[in-house]
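These notes concern the structure reproduced below.
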Amino acid sequence: MADTKIAIIGAGPGGYVAAIRAAQLGAKVTVIEDVEVGGTCLNRGCIPTKTLVATTEVYEKIKEAASFGIELEGGARVNVPKVMERQGKVIGTLVKGIRGLFKMHGIELIEGRGAFVDNRTIEVTPKGGGDKVTVKADKVIIATGSRPAEIPTFPFDHEKIISSDDAICFKEVPRRILIVGAGVIGCEFACIFKGMGAEEVTMVELLPRCLTTEDADISELMAKELKKKKIKLITNSKIEKVAVNADGTVTSFIEGGTEIVSDQVLVSIGRALNTQGLNLDKAGVNLGKRGEIAVNEYLETSAPGIYGIGDVIGGILLAHVASAEGLVAVENIMHGNVRKMDYRVVPAGVFTIPEIGSVGLREHEAHAKGIKIKVGKFQMRGLGKAQAMNELAGMVKVIADADTDKVLGVHIMGAHSTDFIHEAAIAMALGATTKQVAETIHSHPTLAESVMEAMEDVHGMAVHVPPQK
């Protein structure tokens, strides 16, 4: 039996951040986790994939070393076991760090699967076996996250038909791989596998373009980059079925009669929410129309004193959003629903090569809302720093309110764009205008100068943009 002020089910980027903040505020905290602290993000998502992206970027730079005046005899090759070893070390270091923080803050970690007995009692089945543990809590936060979505058309066998969880721990770079879905996960893995030496990478997307969550101009630019990399993108197409052949290859049958043979099929069609097995009915927690845990603006569920955060509440499925929700939920638990969750400014990154950073409205969204806008653009190749780095691909696009000049959205494709998109996020959070951002002196030579130039271009005053005819 464990008595605690706050019990948190799930130790991903929502749960573990909430736990630490609650401990900082003086609460006794118990965390229940059935796999490993850090959740999907640290163990099977954000961190392992970004480690693979970093490896790919290094390899691609080595292959173009001659253009920088560096001569390499014998070339380079990808040593997959060493790549996996490094990935494991990165994950291990961060997992150890979270566990260490739990210990320093006096946070109890129970490793096992939790399920409600009632709205204040959780029964935990230990991961390693043994007697069940009962946790009594004054308040509860559900942060159980999500998993790769699976549908009958693509049943995972985890060898030939794989999920993103499988794709991060490959034993060799596949010679031919077909990726179902050209969203964020699909495009990231396409760049990873092609960059590491896959001969054929094919993406099949049901919708008219890749990265439909991004601004159309950015999506179009990424499609061009995928073509340059010789990644085949097939849009407006549906895969009707897949079959594993006797020789170990996989045939994918596309609607209309096309067949594609590959060595593996990676299914990246979205995420499924982890609500199963929690006995939510016993706690009085209701689900929404899409199977998500329903919460109010304070992140409290239908059961008073039980809060939901992260992917499982079905909002914006991003690790940093889960962390922000964790902080809000804890503040409301400790002080009595004093803070509403604010989703107006949420930056996001797509770790393709080159990467994409975005925040705020896309152009089509602004039009749909009936907002009168002005647009500014700047091509990365116009920067001295981009030329020096040989990172010429990409652009910055700014969406501004035509009447107030306030920044409504910024969309960037280019090297390190996920890092400096936060300049735009802060500008939006503070209600800044494009003129205010443009008039802020930017250090030279930097990639962030592209934001300044795009802000200037909203008013046709960008210095390094040719005049309009």
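Taken together, the values in this text are just the output of simple stated rules run on the coordinates, not laboratory data. None of these values were measured; they are calculated from a predicted model. Cβ coordinates were reconstructed from backbone atoms using ideal geometry, including for glycine residues, and neighbour counts include every protein chain displayed.
Observations on the structure shown:
- The stretch 90-136: trypsin sites (Lys or Arg not before Pro) in DSSP coil with no more than 12 other Cβ atoms inside 10 Å: K132
- A simple packing score, the average count of other Cβ atoms within 10 Å per residue, orders the peptides 75-83, 353-361 as 353-361, 75-83, with the highest score first.
- The alpha carbons of the stretch 6-142 give a radius of gyration and a Dmax of 20.6, 68 Å, in that order.
- Global form of the chain, assessed from the alpha-carbon gyration tensor, a/c cut-off 1.5: oblate
- Charge context of Y298, other residues only, Cβ under 11 angstrom, K/R +1, D/E -1: -2
- Counted over the stretch 282-376 with a bin width of 10 Å, the fraction of Cα pairs per bin, in whole percents, is 14, 35, 29, 17, 3, 0.
- Considering only A246, L207, I162, and ranking their Cα positions along the charge dipole of the stretch 161-269 that arises from unit charges at the beta-carbon of Lys, Arg, Asp and Glu, the one farthest toward the positive end is A246.
- Two-site FRET efficiency, N245 against R77, from Cβ-Cβ distance with R₀ of 35 Å, rounded to 0.05: 0.75
- Between the stretch 160-204 and the stretch 100-122, the alpha-carbon center distance in angstrom: 36 Å
- The order of L273, L327, going from fewest to most other C-beta atoms within 10 Å of their C-beta, is L327, L273.
- Low-density loop cleavage sites - chymotrypsin sites (Phe, Trp or Tyr not before Pro) in the stretch 299-368, where at most 16 other Cβ are within 10 Å (DSSP): Y343
- Global geometry of the stretch 161-269, whether rounded, prolate or oblate, following the gyration tensor of its Cα atoms and the 1.5 cut on a/c: oblate
- Under 10 Å, Cβ to Cβ, from G376 - net charge with Lys/Arg +1 and Asp/Glu -1: 0
- Sorted by Cβ neighbour density within 10 Å, fewest at the top, the residues C41, C46, C191, C169: C169, C46, C41, C191
- Summed side-chain charge close to V465 - residues other than V465 whose Cβ falls under 10 Å, Lys, Arg +1, Asp, Glu -1: -2
- Pairwise label distance in nanometres, K289 with H367, each label 7 Å out on the Cα-Cβ vector: 2.6 nm
- Out-of-range pairs (alpha-carbon distance over 29 Å; input K229/K374; K50/K374; K289/K369; K50/K282; K230/K406): K229/K374; K50/K374; K50/K282; K230/K406
- For the stretch 68-139, the set of GluC sites (Glu not before Pro) satisfying both a DSSP loop assignment and a count of at most 12 other C-beta atoms within 10 Å is given as E71, E73.
- In a simple Cβ point-charge model (Lys, Arg +1; Asp, Glu -1; nothing else charged), the chain has a dipole of about 240 debye relative to its Cα centre.
- The share of C-alpha pairs in the stretch 138-190 whose separation exceeds 15 Å stands at 57 percent.
- Cβ-derived FRET efficiency at R0 45 Å, E172 paired with V117, nearest 0.05: 0.45
- For the stretch 161-269, size of Cβ-based charge dipole, Lys and Arg +1, Asp and Glu -1, in debye: 300 debye
- Least to most buried among T153, T93 (fewest other Cβ within 10 Å first): T93, T153
- Kirkwood Rh (inverse of mean 1/r, distinct Cα pairs), the stretch 354-457, angstrom: 13.4 Å
- Among complete DSSP H helices in the chain, those whose alpha-carbon atoms stretch at least 15 Å along the helix's long axis and whose mean Kyte-Doolittle hydropathy reaches -0.5 are 46-63, 80-104, 184-195, 216-228, 319-335, 417-429.
- Within the chain, DSSP assigns beta bridges of which about 60% are antiparallel (rounded to the nearest 5).
- Prolate/oblate/rounded call for the stretch 247-312, Cα gyration tensor, a/c under 1.5 rounded: prolate
- Cysteines in the chain lacking any other cysteine Cβ under 4.7 Å from their own Cβ: C169, C187, C191, C210.
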